[in-house]
1. Shielding of B:19-25 by partners, i.e. mean partner chain Cβ atoms within 10 Å per residue?
2. Could you work out how far the C-alpha centroid of region B:119-142 sits from that of region A:21-43, in angstrom?
3. List the extent of the Cα atoms of chain B along each of their three principal axes, largest first, rounded to whole Å.
4. Take every residue in peptide B:56-63, count the Cβ atoms of other chains within 10 Å of its Cβ, and give the average of those counts.
5. Which value in Å is the Kirkwood Rh of region B:1-64 over different Cα pairs?
6. Per 10 Å bin, what is the whole-percent P(r) computed from every C-alpha pair distance within region B:107-176?
7. For the Cα atoms of chain B, what angle does the longest principal axis make with the long axis of helix B:111-122, in degrees from 0 to 90, nearest 10?
8. Convex hull over the Cα atoms of region A:1-47, averaged projected area in nm²?
Amino acid sequence: MDCMMVKQLIGPMSDAQLTQELDDAVTLHCLTCPQCSQELHTQKTMRTLVHNHLVDQSLVVTDTYRSRCMRRLNDRFPHFHGTASVSANQTQYQLPIQLEES
Amino acid sequence: MQISYEHRLIERFQRGDHKAMELLVDHYIDGLLRFVIRIVGSREDAEDVVQDALIKSFERAYQFRGTPSSFGAWLYSIARSTALDRRRQLRFPFAQMTLIDDISAPVQPDSNLHALLWSAFERMSEDDQTVLFLCDAENMSHADVGIIMERSTAAISSQLYRARRRLRDEMARVKEVTPWIA
Ligand SMILES: [Zn+2]
């Protein structure tokens, strides 16, 4: 496998999209090719960095905001079954009032 | 969310099942807020955009014949265009992102690396930021990101691989000019 072919496979490899056979072939090539090895390192490192640092998982919507959204949606679809519940807590979804139009 | 499960929820929603709509909202709302806040820069504006996007998407899904191939991609696509419109109204260039309190991520133990990454990321184009954010941070499929950005799956893949290289170069540049960061 030459550098040109390996360079096309490095991206998919960093996303774990290659078959084991192709994955092994790229790994083997990178052992002896500093340029491709560097590219593989870049793709894997940047992917991990972005994944670990760019999303603030603590940034979530508030219950008040969620309820506001559900109220707007209920206003838009008033004839839906069980529009009474807007609770964020799934366990509180009980006895929905049937508002279906005939 | 698995596509088959999402399809079932959409079908239930189209039959007027409120619970299905609620489950879809719960699945997407936090990720949407994180995505949009990065574009518009404030939580208040992001919340308006997300709410509008949810309503538009459900209206469209309700009127749609059949099941959309990916409701999530649809939702993000509408949120993105609404957010970009809002951003244009605010005349808020991408380079100003550092000033925004709402999206400055919490301080982490390796905060030098964290700061360096953010600093470099903020200097990238909106397209680069979007592919990196959706593919690598939110783990979306390249096909779904293609729907969101109106490009082919192959185009998204190559843009992502180029964006990762540009991010590395930008981090190296930032590190050079701001040695106190790292
Ligand atoms: Zn090579």
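1. Details: counts 8, 3, 8, 14, 2, 0, 6.
Mean shielding by partner chains, rounded to a whole number: 6.
2. Between the Cα centres of region B:119-142 and region A:21-43 lies a distance of 24 Å.
3. 59, 35, 32
4. On the way: counts 0, 0, 3, 3, 0, 0, 3, 0.
Mean number of neighbouring Cβ atoms from other chains: 1.
5. On the way: mean 1/r = 0.0806 Å⁻¹.
Here the Kirkwood hydrodynamic radius works out to 12.4 Å.
6. 21, 47, 25, 7
7. So the inclination is approximately 70 degrees.
8. Numbers: hull surface 11.1 nm².
Average projection, Cα convex hull of region A:1-47: 2.8 nm².
Values quoted throughout were computed directly from the atomic coordinates according to the rules given, and no laboratory measurement underlies them. Given the structure is predicted, the values throughout are model-derived calculations rather than measurements. Neighbour counts are summed over all protein chains in view; Cβ atoms, including those assigned to glycine, are modelled from backbone coordinates with ideal geometry.
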